[in-house]
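Okay, structure first, notes after.
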Amino acid sequence: MEKKLDFDRIERRAAGRKAAFRAVDYFFLTLWAVMVLFPFYWMLLTSVKSYSSYNAEYIPRFFTLAPTLQNYHDAFTTVSLGRYFLNTIIFTVVTTGLMMVVIIPAAFAFARLEFPGKTLAFTLFLSLMMIPNELVVITNFVTITNLRLRNTFTGLILPSVTSVFYIYLLKENFEQIPDELYKAARVDGTSDFKYLLRVMIPISKPTLVTIVILKVIECWNSYVWPRLITDNPNYYLVSNGIQEIRENGFGRENIPAMMAAVVVISVPLIVLFLIFHKKVMAGVSRGGTKG
């Protein structure tokens with residue numbers, strides 16, 4: 001009887017410690033979530049405050065009783081925010097499409113084809129990831145300028161149509177597909193191109209979806225290269241549009257209107273990530289797992 005009571009006491013203590021650890025975990029997770037989400041809340045709150053009420057706040061308020069959408073109207077009428085959106089959509093769609101056309105055959109070649117110097121070529125290819133982005137930007141700028149492609153969509157798109165990291169990620173995923181499938185397809189007379197289209201791409205769809213989503217986010221947030229290669233507002237992207245709004249639109253004092261423009265620009269990416277975040281995590285983990 002005493003042994004049973006001792007066992008029950010040990011179980012209760014273990015359950016209590018487990019509940020305490022869980023409470024601590026939830027506390028820190030909640031604290032971290034508040035820290036991460038608060039800037040978004042503050043951005044949204046500021047965007048619905050009027051210019052006068054915002055400037056009248058000597059102590060910032062964490063709520064407003066008189067929200068307004070006038071700032072969103074000003075965001076589209078004061079500057080060409082609609083044009084920036086269209087330019088960004090064109091840049092994102094074309095860049096992502098061209099990149100997929102480039103990286104899929106490249107990853108397939110490194111994963112399945114045999115040719116002299118394959119290992120050395122892939123090692124040298126991966127070494128490109130060690131080059132600082134600043135050096136690449138300078139080289140690309142000189143090349144695009146010499147080709148007279150500044151202030152063109154071609155100049156914006158060309159330097160972004162390939163990615164060493166995405167080729168590596170996709171190659172790792174392709175290598176998980178059993179070699180027996182490839183050998184059987186070759187025996188049946190299937191060409192490498194057909195095998196790629198009918199077998200490897202459907203099996204690797206989660207990773208491909210992940211790469212597309214990550215590339216879309218990368219293109220949407222692109223700032224340094226578009227700002228460097230374009231000085232014509234007709235080719236500005238939304239990221240450059242924010243700077244244009246700040247310099248030639250609302251000015252540096254109309255913070256609520258600026259926040260409204262930032263909200264409009266940020267919403268598509270937030271919605272995209274909320275919809276596909278599970279696929280992004282699954283695709284990345286699958287691409288980096290062997291076996």
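With Asn151, Asn133 as the choices, which residue is at positive phi and not aromatic (Phe, Trp, Tyr)? Only one candidate qualifies: Asn151.
Within the stretch 201-234, the set of residues being in contact with a helix residue (DSSP H, G or I) (Cβ under 6 Å, 6 or more places away or on another chain), in a helix (DSSP H, G or I) and of a type in the set (Phe, Trp, Tyr) comprises just one member, Trp220. Within the stretch 85-100, the only residue that satisfies the criterion of being closer than 17 Å to Pro206 by Cα and without any contact (Cβ under 8 Å) to a residue 24 or more places away in the chain is Gly97. Looking only at the stretch 129-149, residues that are touching a Leu at 6+ places or on another chain (Cβ under 9 Å) and not hydrophobic (A, V, I, L, M, F, W, C) come to 2 in all. Within the stretch 63-105, the set of residues being more than 19 Å from Ser239 (Cα to Cα) and in contact with a Phe, Trp or Tyr (Cβ under 8 Å, 6 or more places away or on another chain) comprises Met99, Ile103. Scanning the stretch 250-273 for residues that are under 16 Å from Ile213 (Cβ atoms) and modelled with pLDDT under 80 turns up just one, Phe273. Taking the stretch 146-205 as the range and being hydroxyl-bearing (Ser, Thr, Tyr), closer than 30 Å to Arg227 by Cα and over 20 Å from the mean Cα position of the chain (by Cα) as the test, the residues that pass are Thr152, Thr154. Taking the criterion of being in a helix (DSSP H, G or I) and touching a residue at least 24 places away in the same chain (Cβ under 8 Å), the residues of the stretch 102-121 that qualify are Val102, Ile103, Ile104, Pro105, Ala106, Ala107, Phe108, Phe110, Ala111, Arg112.
In the stretch 49-68, of all residues being in contact (Cβ under 8 Å) with a residue 60 or more places away in the chain and in a loop (DSSP other than H, G, I, E, B), the one that is nearest to Val267 (Cα to Cα) corresponds to Lys49.
The values are calculated or read from the model by the stated rules, or taken from the named source; none is laboratory data. This is a predicted model, so every value here is computed, not measured. Because the Cβ atoms are built from the backbone with ideal geometry, glycine has one as well, and the counts that use them run over all protein chains shown.
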